[in-house]
1. Answer yes or no as to whether residue 95 is surrounded by 10 or more Cβ atoms within 10 Å (Cβ to Cβ), within 54 Å of the chain's Cα centre (by Cα), acidic (Asp, Glu) and in a helix (DSSP H, G or I).
2. Name the one entry in 255, 213 that is surrounded by fewer than 16 Cβ atoms within 10 Å (Cβ to Cβ) and polar (S, T, N, Q).
3. For segment 267-292, which positions are surrounded by 13 or more Cβ atoms within 10 Å (Cβ to Cβ), within 19 Å of residue 239 (Cα to Cα) and of a type outside the set (Phe, Trp, Tyr)?
4. In the list 224, 205, 173, which residue meets the criterion of being of a type in the set (A, V, I, L, M, F, W, C), on the phi < 0 side of the Ramachandran plot and crowded, with 18+ Cβ neighbours inside 10 Å?
5. Taking residue 103, is it touching a residue at least 24 places away in the same chain (Cβ under 8 Å) and either at positive phi or surrounded by 10 or more Cβ atoms within 10 Å (Cβ to Cβ) (or both)?
6. Is there any pair linking a residue in segment 205-222 that is over 17 Å from residue 304 (Cα atoms) to one that is among the polar types (S, T, N, Q), with Cβ under 6 Å and at least six apart or on different chains, and which?
Amino acid sequence: MEMKMFLLLPLLVCSVSTAELQVQSDKNNGNDSVSPLKESVKESVKESVKESVKESVKESEGPVGESKHEHQTCTQDINVVLRRMSAWVAALKVEVQHLQRDNEVKSTELQSLNQRYQEQETRLKAQADDLAAVKDKTEKYVEALKREGEAQAAELATVKVKANITRYQVEALKREAEAKHLAFSVSLVLSGGKETGPFSIDITLVFKYVITNIGNAYNSETGLFTAPVRGVYHFEVHLYGHGSTSPVAAGLIKNGKQICTSWSHQSNGSQKSSNGASVLLEIGDVVFVRMWAKSWVYDNYMRHTTFSGHLLFTM
C-alpha cells in the first residue's frame, strides 16, 4: 500500500508541473483567461487524485483478511496529499491574481503608450506638413527674390552703360568746351631789357613772359604751341628792334615748315615788323617762332616782341 502512495506522489507532481507550465505560458502570451486556467488546474488535480486513488484501492484489494488498520492509514495519507495540494492550489490562485493585476497594469500602460505614440505621430505629421508648406513658400520667395535680383542686376548694368555713355559724353563736351577756350599771348623776356642775336644759325625764340595761356597749350620752357584739338587757329608775330646793320626777322613755323615771315631792316631809329596767319592744325601739331641767322630782336618790360595765337573753331 505504501508503494502505491509513492507512485501517486509523482503523478500528482507531474499534474501540478503541467498546470504550472500552462499558467506560465498564458502569462507570457498575455492571455487574460487566467480564471478558466485556475479552474482547469483544480479539476485536473482533483480528477488525477481521484483516479489514482481508485486505481490504488482496486490494486490494493486483497484477500478478505486484510486489516482495517491498513485501509485507514491509506486514507489518511491521501488526505494529507490532498491538503497539501489544496494549499498549493491556493498559493497558485494568489499568484494568478497577482499576474492578472500586473497584466492589467501593463495593458493600461501599453494603451497609454500607444495613445501617446499616435498623438506624437499626428503632431509629427502636422509638423512635417507645416515644414513642407514653409519650404515651398520659402522656395517660391527665394525664386522671386532671385528673379528680382536678376532684373535689378540687368537694370543696374543698363544704368552703368548709360552712366558710362553719359560720362564719355560729358568728358567729350568738357574737352570740346576746353578746346574752344584756347588762347595765349607771350613776350620774349621776363624783366628788364635784352637783345637776342644776331647768331650764325637759326634759333627758336622762347617767349618767357606769359601774358595769357588759356588751355595751357603753350610751353614757356620750349617756346612751342601744341594743338590739343583739330581746328583752325590764328597766330600773330610782332618783332621790335633798334636801327642796325642786321635785320629784325623771324618766321612762323608749323611742324618745321615755314608759314609766313616777319622782316624789317633799317640802320637808324627803331624798327618793327609783324605778320600772322590762320592755319588748320591736327592734334599734336606744333607752331613756334624761328629767328633767322644774322638777325636780332629786342624786348623789355614794355613787351615789344610778342607771339600770340587762339583757336578760331574746331574741325
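1. no
2. Exactly one of 255, 213 is surrounded by fewer than 16 Cβ atoms within 10 Å (Cβ to Cβ) and polar (S, T, N, Q), namely 255.
3. Result: 270, 271, 272, 273, 275, 276, 277, 287, 289, 290, 291.
4. After ruling out the rest, the residue left standing is 205.
5. Criteria met by residue 103.
6. If the second residue must be among the polar types (S, T, N, Q), the pairs left are 217/226.
Residues are listed down the side, and each one gets a yes or a no for (1) out of contact with any Cys (no Cβ under 7 Å at 6 or more places or on another chain); (2) closer than 30 Å to residue 239 by Cβ; (3) at pLDDT 90 or above; (4) in a helix (DSSP H, G or I):
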residue	(1), (2), (3), (4)
153	yes, no, yes, yes
156	yes, no, yes, yes
159	yes, no, yes, yes
168	yes, no, no, yes
189	yes, yes, yes, no
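The values are calculated or read from the model by the stated rules, or taken from the named source; none is laboratory data. Not measured: the values here are computed from a predicted model. Positions of Cβ are generated from backbone atoms using ideal geometry, with glycine treated the same way; all protein chains shown enter the neighbour counts.
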